[in-house]
Amino acid sequence: MDNPNDLLLKDISVGDAAFFSRMFTQEDVLAFARLSGDKNPLHLDEAYARTTRFGQRLVHGMLVGSLCSALVGMYLPGKRCLYLSQTLLFRKPVFIGDTVVVRGIVRAKSGSTGVLEIGVSITKDHEEVLNGIATVQALT
Amino acid sequence: MRTFSEIVAAVFKISDTEISDSLSSQDIPEWDSMNYLLFIAELEKEFDMSFSMDEVMTAQRLGDIRAVIEARGKKYG
């Protein structure tokens, strides 16, 4: 998606939802390692990762979590979004080559402040790998 | 159900013994514009009510906000 949705606060109701899917490549993991500084071998060293209980390299948890930013910044509410807070619970590992589905649903809306609470669930093969709550303000 | 004071304590990171209706943004270091928005949103969610824009903008002290909740007939603990 190249252009963000442009939802106004009045267009958004509790229960509104959005979803999209994303596959993680090796290039994504390398780029995130460079940007974040997290060059832990669990993400970058295949030989090392094989010795762990995971057996292969993991996608960084925060890289998976960054899809919450895409959800609120591009889909719900989209363009008029100001991030206030985000909680994340990493439930299962994501590996290079995996495709995940990101779903967000509006759980609460404050008409006076423009604050939205969005529940986020990220799944792989219908199993939840991450969940969290995004608190954003819909800008006027 | 959380009480008004519990929400104040959680959002503004103060102990419940410090809370009084006379406290304002001048008294609470964590009372900035962002935390105030989050505070109002938490109150609306917890007490199932809506503040008007005017009420949000004109409230100066915790007592002003508590008075709005009381006027709505909500039990705030």
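Which three semi-axes in whole Å describe the equivalent ellipsoid of chain A, each the square root of 5 times a Cα gyration tensor eigenvalue, listed largest first? Result for chain A: semi-axes of 31, 14, 12 Å.
With viscosity 1.306 mPa s and temperature 10 °C, the Kirkwood radius over alpha carbon pairs of the stretch A:1-84 converts through Stokes-Einstein to a diffusion coefficient of 107 µm²/s. Taking chain A as a Gaussian network of alpha-carbon nodes connected by springs under 10 Å, the highest mean-square fluctuation of the residues A:Arg103, A:Arg22, A:Arg80 belongs to A:Arg22. Charged neighbours of A:Met74, selected by a Cβ distance under 11 Å, balance to -1 (K, R count +1; D, E count -1). Along the stretch A:129-140 the Karplus relation, 6.51 cos²θ - 1.76 cosθ + 1.60 evaluated at θ = phi - 60°, assigns HN-Hα couplings of 9, 7, 9, x, 10, 9, 10, 10, 10, 7, 6, 9 Hz to successive residues, with x for each Gly and Pro.
Database remark: amide H of B:Ile19 closer than 5 angstrom to no amide H (H placed geometrically; neighbours at sequence offset of 5 or more, or on other chains; Pro and chain starts carry no H). Each residue of the stretch A:46-55 is assigned a 3J(HN,Hα), and the resulting list reads 4, 5, 5, 4, 5, 7, 8, 5, 7, x Hz, derived from the Karplus form 6.51 cos²θ - 1.76 cosθ + 1.60 (θ = phi - 60°), x at Gly and Pro. With contacts taken as Cα pairs under 8 Å at a separation of at least 6 residues, the stretch A:18-140 carries a relative contact order of 28 percent. Extension gain for A:Ser36 to A:Phe95 (0.36 nm times residue separation, less C-alpha to C-alpha distance): 19.4 nm. With helices as the sole contributors, chain A gives -4500 deg cm²/dmol at 222 nm; each DSSP H run of n ≥ 4 counts as -39500 (n - 2.57), and the sum is divided by every residue.
Using the membrane-span-like helix rule (whole DSSP H runs, Cα extent along the own axis of at least 20 Å, mean Kyte-Doolittle hydropathy at least 0.0), which helices of chain B qualify?
B:33-47
For the protein assembly as shown, lysine pairs separated by 8 or more sequence positions, or belonging to different chains, with Cα-Cα distances below 17 Å total 6.
Comparing B:Ser52, B:Ser15, B:Ser25 in a Gaussian network model of chain B where C-alpha atoms under 10 Å apart are linked, the largest mean-square fluctuation is found at B:Ser52.
Extents of chain B, taken as max minus min of Cα coordinates on every principal axis and listed largest first, are 28, 26, 19 Å. Oblate is the label for the stretch B:1-46, because a/c, from the alpha-carbon gyration tensor with a ≥ b ≥ c as root eigenvalues, is 1.5 or above and a/b does not exceed b/c.
Summed over both chains, the area buried between A and B is near 800 Å², taken from the accessible surface of protein heavy atoms with a 1.4 Å probe. Near A:Arg80, the amide H atoms lying under 5 Å from its own belong to A:Leu7; only residues 5 or more places off or on other chains count, and H is placed 1.01 Å from N.
The values are calculated or read from the model by the stated rules, or taken from the named source; none is laboratory data. Note that the structure is predicted; figures quoted are calculated from it, not measured. We place every Cβ from the backbone using ideal geometry, glycine too, and count neighbours over all the protein chains shown. Note: accessible area is taken over every heavy atom of the protein model, side chains too, but ligands, DNA and RNA are not part of it. Shrake-Rupley method; radii C 1.70, N 1.55, O 1.52, S 1.80 Å.
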